Amino acid sequence: MNQKLPDTRRRALVAAASLTPVIGLPSFAAAEPPASTLKVEDFFRNPVLSGARLSPDGKLVAGTRITANGRANIVVVEVATRKVKIITNFTDGDVGGLGWVNNTRLFFGISDRQRGADQLGAAGLFAINADASNYVTLAERAFMTEGAKLLPAGSEVHSRIVENGEPTDDIRVVAHSYQAKGKASSTLYRVNTLTGRFSPLTIGGPPNAQQWLVDGKGVPRCCVTYLDEVFEIHFRESADAPWMKVLSYRDEDSADHVQPEAFAPDGRLYVTAHAGNDTTGLYLFDPKTGKVDPNPVFAAKGFDIDAALRFNRTGDAVQGIDYEAIQSGTYWINEGLAALQSTVDKALPDTINAMQVGGKDDDRVVLVFSSSDRDPGRYYLYQVKEDKFQGLGAQRPWVKVAEMRPTTFFRYAARDGMQIPAQLTLPAGEGKPPLVVLHYGGPWVRPIHSRWDPVVQFLVSRGYAVFMPAPRASTGFGDKLFRAGWKQWGLAMQDDVTDGVKLLIAQGKVDPKRVCLAGASYGGYLTMMGLAKEPELFKCGINWVGVTDPSFMFTVTWTDFNRFGGPDAGRRRLIGDPEKDAEQFKQTSPLLRAAEIRQPVLMAYGALDVRVPLINGEKMRDALRGHNKNVEWVVYPDEAHGWRKEANNYDFWARVERFLAKNLA
């Protein structure tokens, strides 16, 4: 049982596991499925079924389904009879974050997909029985306070509470408190989901706690604090024992990070750590000595392991480890579950099959979510005793899997020899297709994943190859790649992308005269900087919600991170110092180099964005319009940092389709 740290590069840590580096590109198969018959809307419609969860006893499945009013509501399916019942009918919001309290009761949150930027902020926390009875509000939605006796907005479920081997009506919930100058703390509560009453479990715990772990008896005995760029791990021997600091490390010392995940049976902690390696794995940490055992519980060469642990029914033993290497998967410690996974994988080949197991012994039921880079995903029920699979429903049943294209992971050498992870998706057919270079932002995240991506498949269906690099500063592929990107905006980070494109061209994979950059947030910066820095290579650019000047990360004071993020030491370390590195900032500012950008540009921003405020786009637009007559500009007045509303997604991607057809013809 654990509660992950809030992600501030998680604060600078992300997962670990790799293949032997591939120098150059592998061969890419060019199968010939039929040309896509899907419209723009088919790629960007919300899924009709998602978030399915199996009850602990395996008798019920709950998920969210788009109902007649266009909202995501809760649907419950009886496994034995296949009877279906929709148990909520919200008209002002959409259910998400669904989970089981026990065998008959659910918790969930509510957001509003139809408002664009969800101005309510938090999703609240609610509970309801599977038969639609006893609906209770546990935590408020921002600006919709229903009473002072509720948990605060932003409260998150930590874990179920199990007694005598069975889940109770109570859950643990973490409530976060954010103060000025980046200070934050949290409290762990026990919450009765039938009454809404709650009581604190961590009174007298260390201040500035970001994360809490409970032992097999449900006692909070480990926490992680963060203040002034320093993490500390605190531990106590029992509920009555004093808290002791057992380890501390600075945020900037990324290779020293130790992320507690759960208690091990012998009293040690499962942790994510480097343990002297470039990539992270799952290890055992002894709080008595402050040392990490150098032998990993699980690691995957070349990839960081951001472990999500799977527990048994009582929550006191780890049975498996969810991870992401080239693909996501589960490493099962429990041999019976490993054998069960093998059975499922044989029945459903060519997909990643994520299992949820309910029931006991011969009455076990498995809910399988089966997906791939070509398949958005569908749910199956596998009844172990009968050895029978039954389809439960697809997330996006209108997507024709046969028309989707496979994505290939590879690594290539940048000009200085650094190995850069990347993905390439090619359209059907022969010849050299035009290329779209795509980056979603971060940059201190893992930017590429092996799963169905609506943007990638939409672009490929229109005949474009899609190249997605993970340049230095990316996480997920080791500390060396991450640290090599410090203070490299517009420099080596940019060159990594250019080098990948040139390699594709040299190997005859794409048309060298038809290459376009596209990206969001940091990816929007990468797009604009690439147009300025490599005007002969990149023929056009698509920038949505993108940073256009690194100095804006410091001077635009109304961003969320400048208002609430505290000291900017982390940004100065990762991006640069706007005073000391002033000359570098000038050279790496697309805004200040706007005169060099003469290629066609499509720019789109959300008027309510507080992560990359609208001023980024407005300044760039104004700087381009004097000399560049091919600037398309759109502002979505009800959106923030990305598009939530289906209508806005349809509009934007239709614009992208027209823009590419015009400029990469």
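Out of (1) modelled with pLDDT of 95 or more; (2) part of a loop (DSSP other than H, G, I, E, B); (3) open to solvent by 10 Å² or more (accessible area, probe 1.4 Å), the odd one out for Ala595 is which?
(2)
Report whether or not Gln457 is polar (S, T, N, Q) and open to solvent by 20 Å² or more (accessible area, probe 1.4 Å).
no
Any idea which of (1) open to solvent by 10 Å² or more (accessible area, probe 1.4 Å); (2) assigned to a strand (DSSP E or B) is the one Gly431 doesn't satisfy?
(2)
Does Tyr226 fit the bill of being within 27 Å of Trp100 (Cβ to Cβ), hydroxyl-bearing (Ser, Thr, Tyr) and in contact with a Lys or Arg (Cβ under 8 Å, 6 or more places away or on another chain)?
The answer is no for Tyr226.
Identify all residues within segment 615-665 that are among the hydrophobic types (A, V, I, L, M, F, W, C) and assigned to a helix (DSSP H, G or I); write none if there are none.
Scanning segment 615-665 gives Ile615, Met620, Ala623, Leu624, Ala647, Phe652, Trp653, Ala654, Val656, Phe659, Leu660, Ala661.
Can you tell me which residue within segment 598-614, out of those that are within 15 Å of Tyr522 (Cα to Cα) and among the β-branched types (Val, Ile, Thr), is least open to solvent (accessible area, probe 1.4 Å)?
Ranking the candidates gives Val612 first.
Within segment 329-370, which residues are of a type in the set (Gly, Ala, Ser), touching a strand residue (DSSP E or B) at 6+ places or on another chain (Cβ under 6 Å) and within 24 Å of Arg446 (Cα to Cα)?
Ala354, Ser370
Return yes or no: is Tyr379 in contact with an Asp or Glu (Cβ under 9 Å, 6 or more places away or on another chain) and not in a loop (DSSP other than H, G, I, E, B)?
So Tyr379 does not fit the description; no.
Restricting to segment 76-113, give me the number of residues that are of a type in the set (A, V, I, L, M, F, W, C) and in a strand (DSSP E or B).
11
If you take the residues in segment 384-399 that are touching a residue at least 60 places away in the same chain (Cβ under 8 Å) and buried (at least 16 other Cβ atoms within 10 Å of the Cβ), which one is farthest from Val77 (Cα to Cα)?
The residue in question is Val399.
Would you check which residues across segment 247-267 are in contact with a Phe, Trp or Tyr (Cβ under 6 Å, 6 or more places away or on another chain) and open to solvent by 30 Å² or more (accessible area, probe 1.4 Å) and list them?
Within segment 247-267, just Asp256 meets the criteria.
Just to check your reading of the model, which residue among Arg514, Arg483 is at pLDDT 95 or above, open to solvent by 10 Å² or more (accessible area, probe 1.4 Å) and touching a Pro at 6+ places or on another chain (Cβ under 7 Å)?
Arg514
Step by step: first the residues of segment 353-365, then only those that are among the aliphatic types (A, V, I, L, M) and in contact (Cβ under 8 Å) with a residue 40 or more places away in the chain, then the one that is nearest to Thr408 (Cα to Cα). Which residue is that?
Val357
Looking at segment 324-336, I want the residues that are open to solvent by 50 Å² or more (accessible area, probe 1.4 Å) and have a partner that is assigned to a strand (DSSP E or B) and polar (S, T, N, Q) with Cβ atoms under 9 Å, at least 6 apart or on another chain. Which pairs are those?
If the second residue must be assigned to a strand (DSSP E or B) and polar (S, T, N, Q), the pairs left are Ile333/Gln319; Asn334/Gln319.
Name the residues in segment 242-262 that are under 15 Å from Asp215 (Cβ atoms) and touching a residue at least 60 places away in the same chain (Cβ under 8 Å), would you?
Pro260, Glu261, Ala262, listed by residue number.
Could you figure out which of (1) surrounded by 20 or more Cβ atoms within 10 Å (Cβ to Cβ); (2) in contact (Cβ under 8 Å) with a residue 24 or more places away in the chain; (3) not aromatic (Phe, Trp, Tyr) isn't true of Cys223?
(2)
Taking the condition modelled with pLDDT of 95 or more, among the aliphatic types (A, V, I, L, M), surrounded by 14 or more Cβ atoms within 10 Å (Cβ to Cβ) and within 24 Å of Leu54 (Cβ to Cβ), does Leu201 pass?
No; evaluated as a whole, the condition is false for this residue.
Would you please name the residue that is most open to solvent (accessible area, probe 1.4 Å), looking only at residues in segment 536-579 that are of a type in the set (Gly, Ala, Ser) and on the phi > 0 side of the Ramachandran plot?
Taking the candidates together, the pick is Gly566.
Each row is one residue, and each column tells you yes or no for (1) out of contact with any strand residue (DSSP E or B) (no Cβ under 6 Å at 6 or more places or on another chain); (2) open to solvent by 20 Å² or more (accessible area, probe 1.4 Å).
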residue	(1), (2)
Thr81	yes, yes
Ile87	no, no
Gly97	no, yes
Arg105	no, no
Arg113	no, yes
Ala117	no, no
Phe126	no, no
Asn129	no, yes
Ser133	yes, yes
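What are the residues in segment 226-240 that are open to solvent by less than 20 Å² (accessible area, probe 1.4 Å) and among the aliphatic types (A, V, I, L, M), if any?
Within segment 226-240, just Ile233 meets the criteria.
Looking only at segment 404-428, count every residue that is under 23 Å from Phe659 (Cα atoms) and open to solvent by less than 20 Å² (accessible area, probe 1.4 Å) and tell me the total.
5
From the list Lys509, Lys487, Lys513, exactly one residue is touching a residue at least 12 places away in the same chain (Cβ under 8 Å), within 28 Å of the chain's Cα centre (by Cα) and in a loop (DSSP other than H, G, I, E, B). Which is it?
Lys487
The values are calculated or read from the model by the stated rules, or taken from the named source; none is laboratory data. All figures in this text were calculated on a predicted structure; none of them were measured in a lab. Glycine also receives a Cβ, built like all others from the backbone with ideal geometry; neighbour counts cover every protein chain displayed. Heads up: the accessible areas ignore ligands, DNA and RNA and are worked out on the full protein's heavy atoms, side chains in. Shrake-Rupley method; radii C 1.70, N 1.55, O 1.52, S 1.80 Å.
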